[in-house]
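A.B. asks: Here's a structure for you.
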Amino acid sequence: MEVLKFLLPPFVASLAITGIHVYLGLHVVERGVIFVDLALAQMAALGVTVGFLLGYGLHTPASFWWSLGFTLMGAFIFTFTRKYKAKIPQEAFIGIVYAVSAAASILAMSQAPEGTEHLKDMLVGNILTVSWSEIGKIFLIYALIGLFHWLFRRNFILISTNSQQAQKKGISLHLWDFLFYLSFGLVVSYSVSIAGVLLVFSFLIVPSVCAMLFSEKIGMRLALGWVLSTLVSITGIALSYFLDLPTGATIVCTFGLVLILCVLLKFAYQSMAK
């Protein structure tokens, strides 16, 4: 019972992260901007770093607002670098933002005491220490963002899957792109503070990619992604506890193993179908 009591908060937090990230991951994969989450997460981490150097703690309200401010800058950049008939792919800009943000975080933390530990905390997080008050906050924020996306789901889905058709219907691509990245950035800012950059990226991309291997329908992809992410969260948290391993890194590696298994399963299924 003591073990369950200790592991319950991180598991519930992972469920909250799973719910919104699997959905947003489908959009990211459809848009072909796979590393946008990693870039936004790194921007959020850079904001936390700047707040820390100004005298705020890593997990304080002030550091969150710094994180959100830098994430919004990333949202502006990605909104206006998405050119629908451009020679330079948006992934190039995303990669540049990630590399510069990561380098700036390293430079900033090199001037701080115990900078290496703080960088590690931002990279892999420490979801085991999440509190019930933090969980309640992210549940509320994610629910509101989920409701917003559900109310305007046709516009968001159409822009992600068929931007040319959306443009023909008179939908403002820049406006809805910005609203997407704005809500996306808000989710990332909260998630990074709890789970770290790498775990946030894994929650976003791996379940969506695995689900897309087995279904073309958005509803089925969501269901598969949620189930897969929940099972991985349970397994990763349990392994990290019983094997005394870093929780975030363990869950990320578990996601990687599950992706390999899904690819092998898909390959075996196609081979038998022939």
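A.B. asks: Any idea how far apart VAL100 and LEU151 come out in nm if each label point goes 7 Å out from Cα toward Cβ?
C.D. replies: Modelled inter-label distance: 3.4 nm.
A.B. asks: Which helices, counted as full DSSP H runs in the chain, have an axial Cα extent of no less than 24 Å and a Kyte-Doolittle average of -1.0 or above?
C.D. replies: Span-like helices, by this rule, are 2-31, 36-53, 61-80, 90-109, 132-151, 173-195, 197-214, 218-242, 247-273.
A.B. asks: In debye to the nearest 20, how big a dipole does the chain give about its Cα centre with +1 on each Lys and Arg Cβ and -1 on each Asp and Glu Cβ?
C.D. replies: 1240
A.B. asks: Grab the DSSP H runs of the chain that are 4 residues or longer, score each as -39,500 (n - 2.57), total them, divide by all residues and round the 222 nm result to the nearest 500 deg cm²/dmol.
C.D. replies: Roughly -28000 deg cm²/dmol at 222 nm, from the helical runs in the chain.
A.B. asks: For a quick check, take a GNM of the chain with Cα springs below 10 Å and name the residue from GLY225, GLY74, GLY136 with the largest mean-square fluctuation.
C.D. replies: GLY136
A.B. asks: For the chain, which cysteines have no disulfide-compatible partner, meaning no other cysteine Cβ under 4.7 Å?
C.D. replies: That list is CYS253.
A.B. asks: Take the chain, connect every pair of alpha-carbon atoms lying under 10 Å apart with a spring to form a Gaussian network, then pick out the residue of ALA16, ALA104, ALA195 with the largest mean-square fluctuation.
C.D. replies: Looking only at ALA16, ALA104, ALA195, the largest GNM fluctuation is found for ALA104.
A.B. asks: Please say if the chain is rounded, prolate or oblate, where rounded means a/c under 1.5 for a ≥ b ≥ c the square roots of the C-alpha gyration tensor eigenvalues, and otherwise the choice is prolate for a/b larger than b/c and oblate otherwise?
C.D. replies: Because a/c hits 1.5 or more and a/b fails to exceed b/c, the chain counts as oblate.
A.B. asks: Which residue, GLU216, GLU134, GLU91, has the most motion in a Gaussian network model of the chain that connects Cα atoms within less than 10 Å?
C.D. replies: Evaluated over the chain, the most mobile residue of the options is GLU216.
A.B. asks: Moving to a separate point now. Give me the net charge of PHE214's neighbourhood, meaning all other residues with Cβ under 15 Å from the Cβ of PHE214; Lys, Arg count +1, Asp, Glu -1.
C.D. replies: +2
A.B. asks: Give the separation of the Cα centroids, the stretch 204-274 to the stretch 146-164, in Å.
C.D. replies: Between the Cα centre of the stretch 204-274 and that of the stretch 146-164, the gap is 25 Å.
Here, each number is a calculation from the coordinates, and none is a lab measurement. Source: prediction; values computed, not measured. Every residue, glycine among them, receives a Cβ derived from its backbone with ideal geometry; neighbour counts consider all protein chains shown.
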